[in-house]
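The values are calculated or read from the model by the stated rules, or taken from the named source; none is laboratory data. Because the structure is predicted, anything quoted here is derived from the model rather than measured. Cβ atoms come from the backbone with ideal geometry, glycine included; neighbour counts cover every protein chain shown. Ligands, DNA and RNA are excluded from the accessible area calculation, which covers all protein heavy atoms including side chains. Shrake-Rupley method; radii C 1.70, N 1.55, O 1.52, S 1.80 Å.
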Amino acid sequence: MGELAVPPASHVRSTLLRSSMDAIEGLGLSEAYFDRLPPEHHATVKELVIGQWLTIDVALAHYGAIEALALTSEQAFANGRLVADRVQNSYVGTVLKVLGTAATPWSALPRFPGVWTRLMQGGAPAVYRLGPKDARVEAHGVPLARYAYFRQGWAGMFASSLELLSRKVHCRPEAVSPVRVDFLISWV
């Protein structure tokens, strides 16, 4: 699929950054993180208020600083799981209550655009069914897609959330462009 013509993401929910910071703190990397974060963003990140909208510039600086820590793909994926536990799994749990026990990842994936608008202003997701237990989720207009940490972290978020609906989820991100990432998802 080609690029969707969408306005680029301009703001990110602070909850994403706060949860990401919790993961960095858990790894004992706070000092190294702030050494890499441009000083003009220190106060904003240190004083994050949950639920506020932050400009994409703050998010780019945040994910750039984490990228400079050179975490492994496995660490980024695990951090994404932690972020999902804090940010979106309560929402997925609510959806599960509504859908009942017959819910599958296909019950939740079409609802991803609603999750997106809770986390991002601008950009756009697209969800495609590739098979009975296979999907591709595209994230368009997301400048954060340039960072491997962001891509792997979101793969971990997808895996964590969809494992509430299936036994095991495999999610692999593919960088398509500096503003687009696709996630290939399968489950059993």
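Tabulated results
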quantity	calculated
Yes/no for residue 20 being in contact with a strand residue (DSSP E or B) (Cβ under 7 Å, 6 or more places away or on another chain) and of a type in the set (S, T, N, Q)	no
In segment 32-80, the residues that are among the hydroxyl-bearing types (Ser, Thr, Tyr) and surrounded by 12 or more Cβ atoms within 10 Å (Cβ to Cβ)	33, 44, 55, 63, 73
Every residue from segment 33-78 that is in contact with a Leu (Cβ under 9 Å, 6 or more places away or on another chain) and hydroxyl-bearing (Ser, Thr, Tyr)	33, 44, 63
Subset tally (residues that are in a helix (DSSP H, G or I) and open to solvent by less than 10 Å² (accessible area, probe 1.4 Å)) for segment 120-146	2
Residue 149 being modelled with pLDDT of 95 or more and either in a strand (DSSP E or B) or polar (S, T, N, Q) (or both)	no
Residue match in segment 74-86 (condition: modelled with pLDDT of 95 or more and of a type in the set (Asp, Glu))	yes
Test result for residue 20, within 17 Å of residue 66 (Cα to Cα), at pLDDT below 95 and open to solvent by less than 50 Å² (accessible area, probe 1.4 Å)	yes
Number of positions in segment 160-188 that are open to solvent by 70 Å² or more (accessible area, probe 1.4 Å) and either assigned to a loop (DSSP other than H, G, I, E, B) or polar (S, T, N, Q) (or both)	5
Selection within segment 87-106 - modelled with pLDDT of 75 or more and open to solvent by 30 Å² or more (accessible area, probe 1.4 Å)	102, 104, 106
